[in-house]
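Below is one structure; the comments refer to it alone.
Nothing in this text is a laboratory measurement; each read-out follows from the coordinates by a stated rule. The shown structure was predicted, so the numbers you read here are calculated from the model rather than taken from an experiment. Cβ placement follows ideal geometry from the backbone for every residue including glycine, while neighbour counts extend to all protein chains displayed.
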Amino acid sequence: MLHKFEKLYVKIAFSNKRNLLLLLDKISFFRQFVEHAERFILFICLRKDIELASKAIKDLSKCPLLSILIPVYNTEARTLKKCIASVRAQAYKKWELCIVDDASTLPHVKSVLLAYARRDNRIKVFFSKENKGIAETINQAAEMATGEFIGVLDHDDELMPLTLFEYVQMLNNYPDADLIYCDEDKIHTYGFFCNPWFKQV
């Protein structure tokens, strides 16, 4: 039999747990709202630029095939989908995606990759039988590439819609370029950009 103090403690503990769950639900909702709101605003801001880029691509004298290499290992499904979707959303469409899974143990990884490969024939997927590490995985992806230029995209990274267009435009302006790099930013768990890295020329 519980004494009065013990009953009070149990009641407070239960109440705190319920409030905590409600708070977590609110945080989850807020996180999704912020992420979708920011990305919607970003889409609206970029929509005109994407339309202009799509027209400008037709006037480019050089439109090389770009090979994007993605090493994958036990990536969260939502993160992996966003990574691949960011490539498919590029204004510049002449690309191939070379993905190598480094023997992931999470079953959803294979199903996600196969689903995208069936959906888009520009996506190539290879499944390693044993874990070899990121360096070997990138080398394996490079062997699959047929593009004139290659770039590595980590499995939890995303590309802005105009990224590949900007690269190709740069290649047209500087045809002798062998290497191109860009700025980058971190994406908070709530979905907003939070830590830009503007690289020096």
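Each label point is 7 Å from the Cα along the Cα-to-Cβ direction; what then is the distance between the points at Ala177 and Met144, in nm?
The modelled label-to-label distance comes out at 2.6 nm.
Using the Cα atoms of region 96-138, I'd like the radius of gyration and the largest Cα-Cα distance, Dmax, both in angstrom.
That works out to 10.4, 28 Å for Rg and Dmax.
Can you pull a Stokes-Einstein diffusion coefficient for region 43-126 at 4 °C (1.567 mPa s), Rh from Kirkwood over Cα pairs, as a whole number of µm²/s?
91 µm²/s
Starting from 0.36 nm per residue, how many nanometres of slack lie between Cys63 and Arg119 once their C-alpha separation is accounted for?
Result: 17.8 nm gained on full extension.
If you wrap a convex hull around the alpha carbons of region 63-173, what volume per residue comes out, as a whole number of Å³?
88 Å³
Can you pick out the pairs among Lys94/Lys124; Lys94/Lys132; Lys62/Lys93; Lys81/Lys186; Lys58/Lys82 whose Cα atoms lie more than 22 Å from each other?
Going by Cα-Cα distance, Lys94/Lys132; Lys58/Lys82 fall outside the 22 Å limit.
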